[in-house]
Amino acid sequence: MNNWTDILDVNDIPKLGARVVRHGSLDIAVFRTADDEIFALEDRCPHKGGPLSQGIVHGRKVACPMHNWNIELDSGCAVAPDQGCAREFPIKVEGSRVWLDLSAVERVAA
């Protein structure tokens, strides 16, 4: 069952940037591409735990600020030859509002 929650306005996220949403002890990075696509990943690189929200967004990827691993925004997976995935979360945009499925977040946090 989905538990969609309104979390922020699209315009609160800079193009090619991110904002962090905290739910309990979990930080979720909400990214915006140059084409206004929105994605949500756990704010933790699968390599060494770097804050993905502080990385550089390029295309549909983000480069981790610690060791420059490229992470695909739509899947959370590292680009080869690197391996590993950041958790991705269901997100949708209605009008200018961004909605996050907190039921998926709560399953991860449990």
Flag for V20 being free of Cβ contacts under 8 Å to residues at least 40 places away in the same chain, out of contact with any Leu (no Cβ under 6 Å at 6 or more places or on another chain) and under 18 Å from E72 (Cα atoms): yes
Among the candidates K15, K92, residue that is modelled with pLDDT of 95 or more and assigned to a loop (DSSP other than H, G, I, E, B): K15
Residues satisfying the stated conditions in segment 47-64, i.e. out of contact with any His (no Cβ under 9 Å at 6 or more places or on another chain), modelled with pLDDT of 95 or more and in a loop (DSSP other than H, G, I, E, B): P51, G55, G59, R60
Filtered residues of segment 26-36 (kept if surrounded by 15 or more Cβ atoms within 10 Å (Cβ to Cβ) and either among the small types (G, A, S) or part of a loop (DSSP other than H, G, I, E, B) (or both)): A29, T33
Residue within segment 77-84 that is touching a strand residue (DSSP E or B) at 6+ places or on another chain (Cβ under 9 Å), crowded, with 18+ Cβ neighbours inside 10 Å and not in a strand (DSSP E or B) present: no
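The values are calculated or read from the model by the stated rules, or taken from the named source; none is laboratory data. Computed from a predicted model, the values in this text were never measured in an experiment. Please note: Cβ atoms are built from the backbone with ideal geometry, for glycine as well, and neighbour counts cover all protein chains shown.
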